[in-house]
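Below you'll find the structure, written out as structure tokens, and then a few comments.
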Amino acid sequence: MDLFEKLVENMGPLGMHAKEAHGYYTFPKLEGEISPRMTFRGRELLTWSLNNYLGLANHPEVRKADAVAAADYGMAYPMGARMMSGNSDYHEELERQLSDFEQKEDTILLNFGYQGVLSAIDALVDRRDIIVYDAESHACIIDGVRLHQGKRFVYAHNDIQNLEKQLVRATKMAEQTGGAILVITEGVFGMSGNQGNLKDIVALKSKYNFRLFVDDAHGFGTMGKTGIGTGEEQGVQDEIDIYFSTFAKSMAGIGAFISSEKRIVDYLRYNMRSQIFAKSLPMPMVIGALKRLELLRNDPSLKSNLWKIVDALQDGLKSAGFNIGTTMSPVTPVILNGTVAEATHLTQDLRENYNIFCSIVVYPVVPKGVIMLRLIPTAVHTLADVEETITAFTEIKEYLEAGKYAKEYLAI
Ligand SMILES: Cc1ncc(COP(=O)(O)O)c(C=O)c1O
């Protein structure tokens, strides 16, 4: 059989609808300045799908820092991997400032969050070690676990009793193999908005010997009194052994980092294959990240504006009778019932007639019969945006329940 023929025969769970979906439901092009009002197919839409939590993407100081750094250094410098020739004072300064902010001894920058998590897991455990991880973990954690050559146990999402059961099994196994245990969870889960149950996980450290890795991609900058993250929010930042976040969300950039004890960060510097064998972050990304971090740390209005919008949106949706699940963070899922075809007609109505753009999640990401609209409030949305959205959602929910979108075919 020809490899290419085999591949195109089955485009996979996401690719199977590509023909109808491409450009509208998947790979849409949002144009214009990054803001709550962006242009989609020539129409200005109120946009709720960007993880620009603090509104930094288009902050004038950020734009200026990015532009000046690009003019001064170009996009190439420094060339090579950090270990070989790609290090700079700025890279190290950003690591120092992130360590200080995260209250950890040291930090390693990563080129991308996804590869970083995958590669960190690969570096942290060997075939004798056991990974115990939350069932709803992000793809980068799942793929890191896939690379692991030893045993792994998954626990039901945020279920501490089940986690304990897995820890009992893992402890027994580790005694046999002579290995150690790594527990992995997210700080804020990006689909449901649930916080990882860090406090209860940490409490299990008194009974079991494990280290805790937290992917706080959605918690960094948004959670905790000062934005340190979900560890600060739950009062357990010190108990997170390995703290990860990306620059792709609150920092509105590219790159990521891991903060931990100095000896572990040193170990990662010399053992993370994704960093040893890949080019380091270009200077504008690093200088731009320093500016973003400065604003994130020194301008509390960014986070308070975010939460003003989060509270208004979530309270408003709940009062209007919507099911927003169990979110404990800015991530706001709106859970409706309907088929995939209904989801497409509803989305089209939202975009074409209500001028609202949000992410839409259907089977197989959520169970059959569930339509999840996922809203990401940001510091640059307004209360008027919230009101407009709740009014529109109330109408489309009524239409959905009245069968207006009940069609056999997908809306394209
Ligand atoms: C929970 C989580 N971890 C990791 C990542 C990957 O980060 P990056 O976009 O920097 O690769 C994401 C998404 O961006 C995420 O949501």
Just to be sure, is Ser250 closer than 21 Å to Gln161 by Cα, assigned by TED's automatic domain parsing to the domain that holds Ile108 and under 14 Å from the mean Cα position of the chain (by Cα)?
no
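Just name the residue that is surrounded by the fewest Cβ atoms within 10 Å (Cβ to Cβ) out of those in region 230-262 that are more than 13 Å from the ligand (Cβ to nearest atom) and of a type in the set (S, T, N, Q). Reasoning before the result, please.
Of all residues in region 230-262, those more than 13 Å from the ligand (Cβ to nearest atom) come to 231-242, 259-262.
Those left that are additionally of a type in the set (S, T, N, Q): 234, 237, 259-260.
Details: Gln234: 23, Gln237: 20, Ser259: 25, Ser260: 26.
Going through the qualifying residues, I end up with Gln237.
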Residues satisfying the stated conditions in region 62-77, i.e. outside any loop (DSSP other than H, G, I, E, B) and either surrounded by fewer than 12 Cβ atoms within 10 Å (Cβ to Cβ) or of a type in the set (Lys, Arg) (or both)
Arg63, Lys64, Ala71, Asp72
Kindly provide the set of residues from region 123-157 that are among the small types (Gly, Ala, Ser) and not in a helix (DSSP H, G or I), ordered by number.
Ala135, Ser137, Gly150, Ala156
Could you tell me whether Gly288 is in contact (Cβ under 8 Å) with a residue 60 or more places away in the chain, within 13 Å of the ligand (Cβ to nearest atom) and either crowded, with 17+ Cβ neighbours inside 10 Å or not basic (Lys, Arg) (or both)?
no
Breaking point among (1) of a type in the set (A, V, I, L, M); (2) more than 25 Å from Cys140 (Cβ to Cβ); (3) not in a loop (DSSP other than H, G, I, E, B), for Leu109:
(2)
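Please verify whether Asn87 is in contact with a Pro (Cβ under 7 Å, 6 or more places away or on another chain) and either in a helix (DSSP H, G or I) or of a type outside the set (Gly, Ala, Ser) (or both), treating the condition exactly as stated.
yes
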Reported set for region 365-396 where residues are basic (Lys, Arg) and either in contact with a strand residue (DSSP E or B) (Cβ under 6 Å, 6 or more places away or on another chain) or surrounded by 20 or more Cβ atoms within 10 Å (Cβ to Cβ) (or both) is Arg374
Can you find a residue in region 307-316 that is in a helix (DSSP H, G or I), surrounded by fewer than 18 Cβ atoms within 10 Å (Cβ to Cβ), under 18 Å from the mean Cα position of the chain (by Cα) and modelled with pLDDT of 95 or more?
yes
Could you name every one of the strands (runs of 3 or more DSSP E) located completely within region 159-266 that has at least 2 residues being among the small types (Gly, Ala, Ser) and in contact (Cβ under 8 Å) with a residue 40 or more places away in the chain?
256-260
So, in region 214-229, exactly how many residues are more than 10 Å from Ser245 (Cα to Cα) and either outside the structural domain of Asn158 (by TED's automatic domain parsing) or within 10 Å of the ligand (Cβ to nearest atom) (or both)?
0
Of all residues making up region 326-358, the number that are in contact with a Leu (Cβ under 7 Å, 6 or more places away or on another chain) and surrounded by 17 or more Cβ atoms within 10 Å (Cβ to Cβ)
12
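The values are calculated or read from the model by the stated rules, or taken from the named source; none is laboratory data. This one's a predicted model, so the numbers in the text were calculated from it and none came from an experiment. Ideal geometry is used to build each Cβ from the backbone, glycine not excepted, and the neighbour counts take in all protein chains shown.
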